[in-house]
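Chemist: My questions all concern the structure below.
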Amino acid sequence: MPDALCTLVLAAGQGSRYRERSDEDKLLAGHTPAPDAMPILAMTLGALAGIGDRMLVVTREDNHPLRAWLEREAPAYGAQVLAIRSNGLGHSLGQAVSSCATRRGWLVALADMPYVRRDTLERLAAAIQPQRLVVPVHQGQRGHPRGIGADFGALLRVLSGERGAQALFDSPSVIEIEVDDPGVLQDVDRPEDRRPG
């Protein structure tokens, strides 16, 4: 039987802009420059734990260090891992949706966004319904994660390449949720994007 709500954490990118400045996987780097800071991915998973009925982390088959970390750590967050061959964000999302049947929909989170607050995630998850698209808005800017209703599943399953579900969010069925949470706009592309310790 499908889960009511599935949380998808997209962690299959190359992280090349981060690697240009620091030779490490950004998802395993500390969420602040402090030497004892939790990894970015740990922060993201910690905030999302228990938000949906099931959490699936999507990563590349060939990212062995990240897969090893997930094998050790993902169970503590109630997360399962889907290792894929991906040709881009859209392709990753399509494979994730195909692996996580749901009655209400999916909360789609980006693994490199560790600063989204728990109450924001709860509000977004509560708003997801089969026919709805849900997006957080902070100071007039749309952010992430995004809610995609189950009715859009067929469109998601055929995505490929880099373009994700962005085209869906040009539709009039989008529900914008105003949040006082700058974390919905803060992804970590380079080491200096991290919040200070």
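The values are calculated or read from the model by the stated rules, or taken from the named source; none is laboratory data. It should be emphasised that the depicted structure is a prediction, and the values quoted were computed from it without experimental measurement. All Cβ positions, even for glycine, are placed from backbone atoms using ideal geometry, and neighbour counts span all protein chains on display.
Chemist: What tally of residues in the range 84-109 results from selecting those that are outside any helix (DSSP H, G or I) and modelled with pLDDT under 95?
Modeler: The first filter runs over the range 84-109 and keeps only residues outside any helix (DSSP H, G or I), leaving 84-88, 99-109.
Those left that are additionally modelled with pLDDT under 95: 84-88, 99-103.
So the count comes out to 10.
Chemist: Can you name the residue in the range 113-136 that is of a type outside the set (A, V, I, L, M, F, W, C) and not in a helix (DSSP H, G or I) and is also farthest from Asp3 (Cα to Cα) among such residues? Give the steps one after another, and end with the answer.
Modeler: Pass one, the range 113-136, residues of a type outside the set (A, V, I, L, M, F, W, C): 114-115, 117-120, 122-123, 129-132, 136.
When the remaining residues are screened for being not in a helix (DSSP H, G or I), the result is 114-115, 117, 129-132, 136.
Details: Pro114: 25, Tyr115: 26, Arg117: 24, Gln129: 13, Pro130: 13, Gln131: 16, Arg132: 17, Pro136: 23 Å.
Here the answer is Tyr115.
Chemist: Shifting gears a bit: Please verify whether the range 12-26 includes one or more residues that are at pLDDT 95 or above and either over 17 Å from Arg190 (Cα atoms) or not polar (S, T, N, Q) (or both).
Modeler: no
Chemist: Among the residues in the range 155-178, are any at pLDDT 90 or above, of a type outside the set (A, V, I, L, M, F, W, C) and either in a loop (DSSP other than H, G, I, E, B) or in contact with a helix residue (DSSP H, G or I) (Cβ under 7 Å, 6 or more places away or on another chain) (or both)?
Modeler: No, the range 155-178 contains no residue that is at pLDDT 90 or above, of a type outside the set (A, V, I, L, M, F, W, C) and either in a loop (DSSP other than H, G, I, E, B) or in contact with a helix residue (DSSP H, G or I) (Cβ under 7 Å, 6 or more places away or on another chain) (or both).
Chemist: For Ile51, which of the numbered conditions (1) part of a loop (DSSP other than H, G, I, E, B); (2) at pLDDT below 95; (3) of a type outside the set (Ser, Thr, Tyr); (4) under 14 Å from the mean Cα position of the chain (by Cα) fails to hold?
Modeler: Checking Ile51 against (1) part of a loop (DSSP other than H, G, I, E, B); (2) at pLDDT below 95; (3) of a type outside the set (Ser, Thr, Tyr); (4) under 14 Å from the mean Cα position of the chain (by Cα), the one that fails is (2).
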